[in-house]
Structures are given as structure tokens and as C-alpha cells.
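**Student:** Right, I'll just put the structure down here and ask away after.
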Ligand SMILES: C[S@@+](CC[C@H](N)C(=O)[O-])C[C@H]1O[C@@H](n2cnc3c(N)ncnc32)[C@H](O)[C@@H]1O
């Protein structure tokens with residue numbers, strides 16, 4: 001099946017990145033995916049080099065092939081963006097921008113075969129890095145009813161979390177839940193039909209919750225943003241695109257903390273005690289209507305931008 005991932009909010013990103021795209025600048029693409037944003041940046045900002053992080057080895061190789069024509073203007077790092085400090089400490093003065101485009105790519109839903117989509121019948125894996133950690137099948141079949149309830153409620157904001165968890169535990173006593181379709185059907189049966197929302201599959205939130213739990217997505221964001229603020233050269237910018245309120249809240253709070261100055265609140269301040277960034281988007285920027293018309297995924301995108309002082 002053909003698929004393509006359309007980069008979101010490029011016009012807005014370009015607007016905020018242009019002033020810092022000076023010759024010799026390094027831009028860090030923390031979420032390379034298939035390289036959509038990286039390619040746009042390489043084409044637009046001729047003097048800029050990119051360091052690109054991607055946790056998923058398979059999709060990173062797709063991007064590598066797509067961007068091979070740009071030679072050494074782009075460096076690929078197969079790592080979690082929670083480890084940027086480890087890789088970028090030598091480039092501190094040169095880094096003028098960080099770009100985050102959270103979540104997963106169309107590749108994951110449509111090509112990876114790892115059970116991200118409730119529309120397909122695939123093994124329930126959902127790991128971005130297949131060499132590490134537990135997979136969705138482990139969580140679904142081993143977590144307690146209470147743990148499952150918390151995952152569905154906290155990461156999926158699913159109002160039927162408890163009911164779905166209870167139903168799931170009953171079903172798995174007969175037979176383990178192995179595939180994305182089995183899980184999707186089970187959720188469908190657990191939520192009363194009169195509460196099914198038109199145009200949104202009832203399993204959407206459960207799948208989001210499991211993916212976030214499997215990949216510990218929110219902790220990675222929490223860890224990465226302060227590191228990015230630290231590494232960024234003065235005047236440099238962080239642009240972060242979120243797709244749900246859990247991600248957006250982390251970005252908003254991380255920016256607010258750094259804009260406020262002292263955060264340690266200890267008698268003897270251990271932090272710098274002065275604001276380190278200025279927030280350029282008082283409210284998050286949202287895509288314009290024509291973009292949403294052409295790219296459904298852009299519907300929920302929110303861009304926040306901050307500048308290092
Ligand atoms: C929405 S896609 C990015 C799409 C890309 N900006 C484009 O325009 O083609 C997000 C990508 O980030 C990767 N990713 C998610 N969390 C990550 C993390 N903590 N560290 C590194 N990469 C991550 C995913 O594997 C996915 O490929």
C-alpha cells in the first residue's frame with residue numbers, strides 16, 4: 001500500500017526558523033521520521049547543517065536513503081531524543097534550533113507491521129525501538145486491571161478506562177490478546193454502543209495510550225526540553241509541535257519554567273535564577289484551514305516556540 005507522511009505546519013516553522021538560519025548554524029531535527037521537515041529545512045536554509053535524531057532504525061534508514069543527495073549537510077543519529085545532551089555537547093555554540101514533531105509517522109501506522117493501527121491485523125508490538133523494553137502485547141496480557149485502567153485513563157484520557165480494563169482482563173483469561181484487531185474489537189465491545197462517537201474509532205484512545213506507555217513517550221519529552229534549552233546558543237529557537245494535550249502541557253510547562261527563571265526554589269538557588277528563554281507563542285500556533293483540508297493529521301497540531309536569551 002502506498003503511503004506518504006506530509007510534514008505539518010511548515011509555513012509556521014519556516015517563519016520562526018528563518019531569523020536563526022545563519023550560515024554555519026546547526027539545526028537539530030529531534031524527530032526525523034521519513035525526513036519531511038529535514039528536507040524542507042535543507043532546501044530552504046542553504047547555510048544550515050542538520051543533526052537528526054530518530055529512535056526507529058527502520059524509518060531512519062528510509063530517511064537516510066531519501067536524503068542521501070544532501071551529503072554531509074545532514075548527520076543521522078539513531079537514538080532517543082532524551083539523550084541529546086550526550087550527542088550534542090561538542091556543538092553547543094553552533095546549535096541555533098531544535099525542532100520536535102512529536103508522535104509517530106504515517107510509516108508506523110501504514111507500513112511498520114507493529115500493530116499501531118486498529119484498522120489492521122498485526123502483532124501487538126508498538127515499540128519504536130524494537131531492541132528495547134516491553135511491547136504492547138506484554139502490557140495488555142500482563143498488567144493488572146488497575147495498571148491498565150491507569151494507562152488508558154492517564155495516557156488516553158479514556159473515560160471508559162476502568163470498564164475496558166475489566167473487560168480486557170476477563171477476555172485474556174480465556175486467551176491472550178495477540179493482535180491489533182483483537183484489541184480493537186475488544187474495546188469496541190467494552191464501550192456501550194450509544195457512546196460510540198461518529199467518525200472516531202472507539203479504540204483510538206486506547207491505542208494512543210498503549211503506544212505512549214510502551215515507548216515512555218512523555219518522559220522523553222520531559223527530559224529532552226530542558227536539555228535542548230541548555231544546549232541552544234543564545235538567540236536560538238526551540239519549535240515543538242504537539243498532537244494532544246498531554247504533549248502540549250509538557251511543552252507549555254517546560255517553557256514557562258525556563259521563562260520564569262529560578263525553578264529550584266531552594267534557600268540557596270542552584271539554578272541561574274534568571275529567565276533563560278522568552279516564549280514567542282503566547283498561545284500555540286495552529287495550522288490554517290487549507291492545511292487541515294489537505295492533511296487530516298494537521299487537525300490537532302499545536303506549535304509552541306521559545307527563544308534562548
Ligand atoms: C511525526 S513523526 C516526524 C515526521 C517528520 N517531522 C517529517 O516531517 O517527516 C515523529 C517521528 O519521531 C520519532 N520519535 C518519536 N519519539 C522519539 C524519541 N523520543 N526520540 C527520537 N525519535 C522519536 C518517531 O519514530 C517518528 O518517526
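**Student:** Expressed as an acute angle from 0 to 90° and rounded to the nearest 10, what is the orientation of the C-alpha long axis of helix 204-215 relative to the principal long axis of the chain?
**Tutor:** Tilt relative to the chain: about 60 degrees.
**Student:** Now a separate question. Describe numerically, in nm with one decimal, the distance between label points set 7 Å from Cα along Cα→Cβ at residue 295 and at residue 249.
**Tutor:** 2.7 nm
**Student:** Could you give the C-alpha radius of gyration of segment 114-215 expressed as a fraction of 2.2 N^0.38 Å, taking N as the number of residues it contains?
**Tutor:** Relative to the rule-of-thumb radius for its length, segment 114-215 sits at 0.97.
**Student:** Here is a follow-up. Which length gain, in nm to one decimal place, applies between residue 256 and residue 223 when the Cα-Cα distance is subtracted from 0.36 nm times their residue separation?
**Tutor:** 10.4 nm
**Student:** Summing -39500 (n - 2.57) over the DSSP H runs of n ≥ 4 in the chain and dividing by its residue number, what mean residue ellipticity at 222 nm do you reach, to the nearest 500 deg cm²/dmol?
**Tutor:** Only helices count here, giving -12500 deg cm²/dmol.
**Student:** Among 171, 274, which comes first, second and so on when ranked by fewest other beta-carbon atoms within 10 Å?
**Tutor:** Ascending Cβ contact count within 10 Å gives the list 274, 171.
**Student:** For q values of 0.18 Å⁻¹, compute log₁₀ I(q)/I(0) with the Debye formula on a Cα-only model of segment 23-74, without solvent.
**Tutor:** -0.48
**Student:** Let me ask something additional. For the chain, what is Rg from Cα atoms divided by 2.2 N^0.38 Å, rounded to two decimals?
**Tutor:** 1.05
**Student:** For a footprinting-style exposure proxy, rank 68, 242, 219, 117 by other Cβ within 10 Å, fewest first.
**Tutor:** Fewest-to-most Cβ neighbours within 10 Å comes out as 68, 219, 117, 242.
**Student:** Taking every pair of alpha-carbon atoms in segment 74-115, give the share separated by more than 13 Å as a whole percent.
**Tutor:** Beyond 13 Å sits 70 percent of the P(r) for segment 74-115.
**Student:** Then there is this: Using Cβ contacts closer than 10 Å as the measure, can you line up 41, 60, 146 from fewest to most?
**Tutor:** Fewest-to-most ranking of 41, 60, 146: 146, 60, 41.
**Student:** Right, here's the next one. How large, in Å, is segment 19-164 by the Kirkwood hydrodynamic radius built from its alpha-carbon pairs?
**Tutor:** Hydrodynamic radius (Kirkwood, Cα pairs) of segment 19-164 is 17.2 Å.
**Student:** Counting every Cα pair in segment 123-176, what percent are over 19 Å apart?
**Tutor:** More than 19 Å apart: 30 percent of the Cα pairs in segment 123-176.
**Student:** For the chain, what is the relative contact order in percent, using Cα pairs closer than 8 Å and at least 6 residues apart in sequence?
**Tutor:** Value for the chain: 19 percent.
**Student:** Any idea what the relative contact order of segment 114-215 is, in percent, if you count C-alpha pairs under 8 Å spaced at least 6 apart?
**Tutor:** Contact order relative to length: 38 percent.
**Student:** Roughly what % of Cα-Cα distances in segment 195-309 sit above 16 Å, to the whole percent?
**Tutor:** Counting pairs separated by more than 16 Å, the tail of P(r) holds 68 percent.
**Student:** Tell me the label-point distance for the pair residue 230, residue 266, using the 7 Å Cα-to-Cβ offset, in nm and rounded to one decimal.
**Tutor:** The two pseudo-label positions are separated by 1.5 nm.
Laboratory data are not the source of any read-out in this text; all were calculated from the coordinates shown. As the structure is a computational prediction, the values presented were derived from the model and not from experiment. When we count neighbours, we look across all protein chains shown, and the Cβ atoms used for this are built from the backbone with ideal geometry, even at glycine.
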